Amino acid sequence: EIPPNPSELISGEKAHKLIEILRSRFDIIIIDTPPMGIVSDPFLLARMSDVLIFLARERVTMKDIFLSSVKAIGEEGIDHVGILVNDHIVDKKKYSYKYGSGYRYHYGYNTGYYED
């Protein structure tokens, strides 16, 4: 029987079993979901994941929706989040390039767009 709410499929025991089987067979599993905040599916899947990669496109992703999504992720107790910003335009006049190696950990998020 197909449940009337598709989210019931994700939150059910069979979905958890499927994730367990996939983890035993594969090193990396990528699950693409609808945007956070539109439906509950991404939040259900994020709880089962090792890492949630939140993708935002610079100058396209709406700031208020992005902020409310990040807030909702925190309120849901999902703390294994990385934010990937794509389509970044670099102004070569304002930036210099340096090469090196190292490690840095940062917790939090920036709430604004870059403006001149």
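The values are calculated or read from the model by the stated rules, or taken from the named source; none is laboratory data. Because the structure is a prediction, the values reported are computed rather than measured. Glycine also receives a Cβ, built like all others from the backbone with ideal geometry; neighbour counts cover every protein chain displayed. In case anyone asks, the SASA skips ligands and DNA or RNA and just uses the protein heavy atoms, side chains included. Shrake-Rupley method; radii C 1.70, N 1.55, O 1.52, S 1.80 Å.
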| query | Does the range 47-54 contain at least one residue that is surrounded by fewer than 11 Cβ atoms within 10 Å (Cβ to Cβ) and assigned to a loop (DSSP other than H, G, I, E, B)? | reply | yes
| remark: By residue number, the members of the range 1-34 that are outside any helix (DSSP H, G or I) and open to solvent by less than 80 Å² (accessible area, probe 1.4 Å) are 3, 5, 12, 29, 33, 34
| task | Using the structure shown, decide if residue 65 is at pLDDT below 90, open to solvent by 40 Å² or more (accessible area, probe 1.4 Å), under 27 Å from residue 89 (Cβ atoms) and assigned to a helix (DSSP H, G or I). | result | yes
| request: Please specify each residue of the range 35-46 satisfying the condition of being among the hydroxyl-bearing types (Ser, Thr, Tyr) and in a helix (DSSP H, G or I). | output: none
| message | What pairs come out if I take residues in the range 12-30 that are over 11 Å from residue 48 (Cα atoms) and pair them with residues that are open to solvent by less than 90 Å² (accessible area, probe 1.4 Å) and of a type outside the set (Val, Ile, Thr) whose C-beta lies under 6 Å away, six or more apart or interchain? | response | 29/22
